[in-house]
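Here's the structure, in structure tokens; my notes come after.
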Amino acid sequence: MTSLPQPFDPDAAVFTVSVAASLADMHAQTLRGYDRLGLVVPQRSRGRGRRYSLRDIAKLRHVQHLSQNEGINLEGIRRILALEEQVDGLRDQVERLTEMVQRLQAHGAGARLFTAESSGAVHRGRFRPAPRLALPPSSR
């Protein structure tokens, strides 16, 4: 029986600094500098060598594009990367909350609802789901 290749984990830190530099079309010293500045921080092997993932290499190319094509300095790039990470985190949170709301709406007909006041008084009632809203698909 022929075995099919397994999907590659984009977060698997497998590339040495020289291989990552070649894949990103950069000099290895540039990667080391970005690591020191905290722009693209690779994982470390047991011997403390840098190990880059495909996601790291894509980030290196993104940094290079911002620097060379957009003329953004390294501090500006650091801020852009931080904001992009924040946006990705917020998108993930919206997806989780959307799934939760959809589960509640699907199971919510007649579900019990408990609320509590700051005084500690508890109120019981029935949950009446709001009309379903058409949510725009997340754009990643």
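The length gained on full extension between ASP92 and ALA121, counted as 0.36 nm times the residue separation minus their Cα-Cα distance, comes to 7.0 nm. Ranked by the mean number of other Cβ atoms within 10 Å per residue, highest first, peptides 54-62, 88-96 order as 54-62, 88-96. Rounded to the nearest Hz, the phi-derived 3J(HN,Hα) couplings of region 61-71 under the Karplus curve 6.51 cos²θ - 1.76 cosθ + 1.60 (θ = phi - 60°) are 5, 5, 4, 4, 4, 4, 6, 7, 8, 9, x, where x marks glycine and proline. Taking the Kirkwood radius as Rh and the Cα radius of gyration as Rg, region 17-111 has a ratio of Rg/Rh equal to 1.21.
Quick note: the coordinates plus some simple rules give every number you see, no bench work behind them. Since the model is a prediction, treat every value here as computed from it, not as a measurement. Here Cβ is always computed from backbone atoms with ideal geometry, including for glycine, and neighbour counts include all displayed protein chains.
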